[in-house]
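Novice: Could you have a look at this structure, given as structure tokens, before my questions?
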Amino acid sequence: MKTYNVKASEIERDWWIVDASGKTLGRLATTIAQILRGKHKPTFVPHLDSGDFIVVTNAKKIRVSGNKEEQKTYFRHSGYPGGARFTTLSQLREAHPERIIEFAVKGMLPHNRLGRAQLKKMKVYAGEAHPHEAQQPKPLEIG
């Protein structure tokens, strides 16, 4: 029996849409990361970008458990001495709610050029509206 290896030219990508309202952040992010990588397909190979596109709506209404709203912090540094900046989850939700999901999924993808390419296939929007109706995304139910 021969082993089948998919080629980059044979990869077919679907479009999925996810409504994030009321969903738990970590559970949503793991499912999104699996679909972006293509692990839900029988033709998955770790060295090719075989995943699908995902449109996430209502990122502002994502749910977190416990006291993460005030205790979870996001770190960035300017590169200068004393340039460390911390942002809480509630501050990020007010300013840029789509980045909450982007940061969670980014940490679950490979940290190389393949992971960066896979992350570009995710489109996150704070509200209900999105400009991807022409791609006819299929609804993805995450429990």
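Novice: Could you work out, for the chain, what percent of all Cα-Cα pairs fall into each 5 Å distance bin, beginning at 0 Å and stopping at the bin that holds the largest distance?
Specialist: It works out to 2, 9, 18, 19, 18, 14, 9, 6, 3, 1, 0, 0, 0, in whole percents.
Novice: What is the fewest-to-most order of S65, S50 by other Cβ atoms lying within 10 Å of their Cβ? Kindly include the intermediate steps, with their values, before the conclusion.
Specialist: Values: S65 9, S50 22.
Neighbour counts put them in this order, fewest first: S65, S50.
Novice: Further question on the same structure: Given axes a ≥ b ≥ c from the Cα gyration tensor, I'd like to know whether the range 20-95 is rounded (a/c under 1.5), prolate (a/b larger than b/c) or oblate.
Specialist: Working: a/c = 2.87, a/b = 1.54, b/c = 1.87.
It comes out oblate by the Cα gyration axes.
Novice: So what is the calculated 222 nm ellipticity per residue for the chain, using -39500 (n - 2.57) for each DSSP H run with n of 4 or more, over all residues, to the nearest 500 deg cm²/dmol? Write out the running numbers ahead of the final one.
Specialist: Details: 5 runs with 40 residues, N = 143.
For the chain, the value works out to -7500 deg cm²/dmol.
Novice: Going by C-beta contacts inside 10 Å, put Y74, Y4, Y125 in order with the fewest on the left. Numbers along the way, then the final one.
Specialist: Details: Y74 14, Y4 7, Y125 19.
Listing Y74, Y4, Y125 from fewest to most nearby Cβ atoms yields Y4, Y74, Y125.
Novice: Something else now. Nearest 5 is fine: what % of DSSP beta bridges in the chain come out antiparallel, could you say?
Specialist: Working: 5 of 16 bridges.
About 30 percent, rounded to the nearest 5.
Novice: By how many nm would the segment from K68 to R13 lengthen if fully extended, with 0.36 nm per residue of separation less the alpha-carbon distance? Walk me through the intermediate numbers first.
Specialist: Details: separation 55, 0.36 × 55 = 19.80 nm, distance 3.46 nm.
Length difference between fully extended and current span is 16.3 nm.
Novice: Just grab the label-to-label distance for N112 and M1, each label 7 Å out from Cα along the Cβ direction, in nm (one decimal).
Specialist: 2.9 nm
Novice: Okay, moving on. Specify whether the C-alpha gyration tensor of the range 80-143 places it in the rounded, prolate or oblate class, a ≥ b ≥ c being the square roots of the eigenvalues: rounded for a/c under 1.5, otherwise prolate if a/b is larger than b/c and oblate if not. Don't skip to the answer; put the middle values down first.
Specialist: On the way: a/c = 2.37, a/b = 1.49, b/c = 1.59.
Verdict is oblate for the range 80-143.
Novice: Amide H neighbours of W16 under 5 Å, at least 5 residues apart or on other chains, H built in the peptide plane: list them.
Specialist: Residues meeting the criterion, in which the H sits 1.01 Å from N, are F53, I54, V55, K138.
Novice: Hey, what angle do you get for helix 25-37 against the long axis of the chain, alpha-carbon based, 0 to 90 degrees rounded to 10?
Specialist: With both axes taken from Cα atoms, the answer is about 30 degrees.
Novice: Here is a follow-up. Charges on Cβ only, +1 for Lys and Arg, -1 for Asp and Glu, centred on the Cα centroid of the range 1-107; of M1, L89, Q71, which one is farthest towards the dipole's positive end?
Specialist: The residue sitting most towards the positive pole is Q71.
Novice: Let me ask something else. Counting other beta carbons within 10 Å of each Cβ, put V64, V55, V105 in order, fewest first.
Specialist: Details: V64 17, V55 21, V105 24.
Arranged by neighbour count, lowest to highest, V64, V55, V105 become V64, V55, V105.
Throughout, read-outs are computed from the coordinates displayed, never taken from laboratory work. None of these values were measured; they are calculated from a predicted model. Cβ: placed from backbone, ideal geometry, glycine included. Neighbour counts: every protein chain shown.
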